[in-house]
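Scroll down for the structure; my scribbles are underneath it.
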Amino acid sequence: MNKQFTFKIMRLLSAAMLGAVFLSGCGSSNEEEEALASFSSSIADFTDYIQDADEKINNLDSSRTESADELLEILDDMDAKFAEFASIEMPIQYEGVKGLAKQASEEMSLAVSHYHTAYESEPFNENYADAAYQCYKNSYEYVQYMGYLLAGEEIPENDHVKVYEETNDQNILDRWLSDDEGESSTALRE
């Protein structure tokens, strides 16, 4: 649907997958290494799946009447794959990804439901199609956020996501007790 957006997501998830593979060599136990390897494999499978599904969608010939049915089949499969990915075991250091995966899955389910309503209505219901596309975009946005987390990058704040930073209480106490009013907020990030 949007090649540049999908390419960016693929790049982020691939970088995250490589990071997880490298980190798996640093684990202290075989169980942790196996969990990271399994998680890394799940990310690779999900990334490959998204790329393939995006390619299938972009290669649909919209002038054919069968394309609507083909699109709905691809979307049904995407709904199942997103739900499957959201249900996998995630290593403790990637627990933040779990909530984003669930959000992505919920948005994809809404998108698929709305697309079915739009295409199965007589006549075609453009309002449902617009709502479906927005949910579809939201789903991919959450996937992009997963990529940011997995790659260790900052997630940009927007209407869907509020980023809260954990701070060290000692730094907060130092700032409160400090006489320096002009101290920058970056000191809180130490």
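Summary of values
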{"read-out": "Estimated vicinal HN-Hα couplings, Hz - the stretch 77-85 in sequence order (Karplus 6.51, -1.76, 1.60; Gly, Pro = x)", "value": "5, 4, 4, 5, 5, 5, 5, 4, 5"}
{"read-out": "Å² of accessible area per residue within the stretch 41-159, as computed with a 1.4 Å probe and no ligands counted", "value": "53 Å²"}
{"read-out": "Nearest-20 debye value, the stretch 88-147 charge dipole, Cβ charges on Lys, Arg, Asp, Glu", "value": "220 debye"}
{"read-out": "Carbon + sulfur, % of accessible area of the stretch 44-100 - ligands and nucleic acids excluded, 1.4 Å", "value": "45 percent"}
{"read-out": "Gain in span if fully extended, Glu95 to Asn127, counting 0.36 nm per residue against the direct Cα distance", "value": "7.9 nm"}
{"read-out": "Peptides 67-79, 116-128 ordered by average Cβ neighbours within 10 Å, highest first", "value": "67-79, 116-128"}
{"read-out": "Estimated distance in nm for a label pair at Thr117 and Asn59, the labels positioned 7 Å out from Cα along Cα-to-Cβ", "value": "3.2 nm"}
{"read-out": "Simple label model, 7 Å out from Cα along Cβ direction - Ser41 to Glu153, nm", "value": "2.8 nm"}
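The values are calculated or read from the model by the stated rules, or taken from the named source; none is laboratory data. What you see is a predicted model; the values in this text were computed from it and never measured. Using ideal geometry, Cβ is built from the backbone for each residue, glycine included, and neighbour counts are taken over all protein chains shown. For the accessible areas, the whole protein counts, side chains as well, though only heavy atoms, and no ligand, DNA or RNA atoms are used. Shrake-Rupley method; radii C 1.70, N 1.55, O 1.52, S 1.80 Å.
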